[in-house]
């Protein structure tokens, strides 16, 4: 058989040539199905869609994680304290004792200051009260303030005009000696420098004319004032000898409201004791 009749070409040494497998045509584009699936995946992931429930769950998880972190750190601190040496623990206890002592000392100091302020306030208030009381007492003696209290009324009737100024002055002296604290005669306040003038039937107290009956309003202890006027040879008997009458009546409350103007002394000045 000739070469032309050989349907296949033979290689050297009579071998047949190897068959080359068929290859699919190469292309750079993905299949349509794969490209469409990728696009749907990306569209589902971005932009992210977060619901309110998911946001609350995320916030709760964050708070829980923060609490766990704080707890771990606290445990770590305690662990460090438990692992400290004995000398360090003793030093820490000493510092705590010193701090406690300082706080106790500060508390005591503040308590002492409060007590001092309270005492000072009480003393100041007591001094103020005493000052006001002293002012009131001096005002009564000076006749610049009204007064009321138990006492007596002495009424002298002198129809014949025989009562002289010295008789009224004797009545004032007897009353003061018996403890009279405030005296008023016919609307005139009797004070330390009160004087009597005039003649029988025409008497004056501190220059102010008064007429019979002469009414004394006296504040003091009635049980002492009335006997002082009725002693033998006293004011009442002396007035009766002059044809005048004297009536004494005790009362639970006598009001002495005649006032004297406050007058500053011309020469006297207060001085420290």
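No value in this document is a laboratory result; all are computed from the given coordinates. Predicted model only: the values in this text are computed from it and were never measured. Note: ideal-geometry Cβ built from the backbone for every residue, glycine included; neighbour counts use all protein chains shown.
Residue separation of residue 131 and residue 224 scaled by 0.36 nm, minus their Cα-Cα distance, works out to 30.6 nm of gained length.
How many angstrom separate the Cα center of segment 149-164 from the Cα center of segment 226-269? Taking the Cα centre of each part, segment 149-164 and segment 226-269 sit 8 Å apart.
Where does each of 212, 120, 271 land when they are ranked from fewest to most other beta-carbon atoms within 10 angstrom?
Values: 212 18, 120 10, 271 5.
Placing the least packed residue first, the sequence is 271, 120, 212.
Counting beta carbons within 10 Å around each of 131, 153 and listing the fewest first gives the order 131, 153.
Answer rounded, prolate or oblate for segment 147-256, using the Cα gyration tensor with square roots of eigenvalues a ≥ b ≥ c: rounded when a/c is under 1.5, else prolate when a/b is larger than b/c, else oblate.
Working: a/c = 1.73, a/b = 1.24, b/c = 1.40.
Taking the square roots of the gyration eigenvalues as a ≥ b ≥ c, segment 147-256 is oblate.
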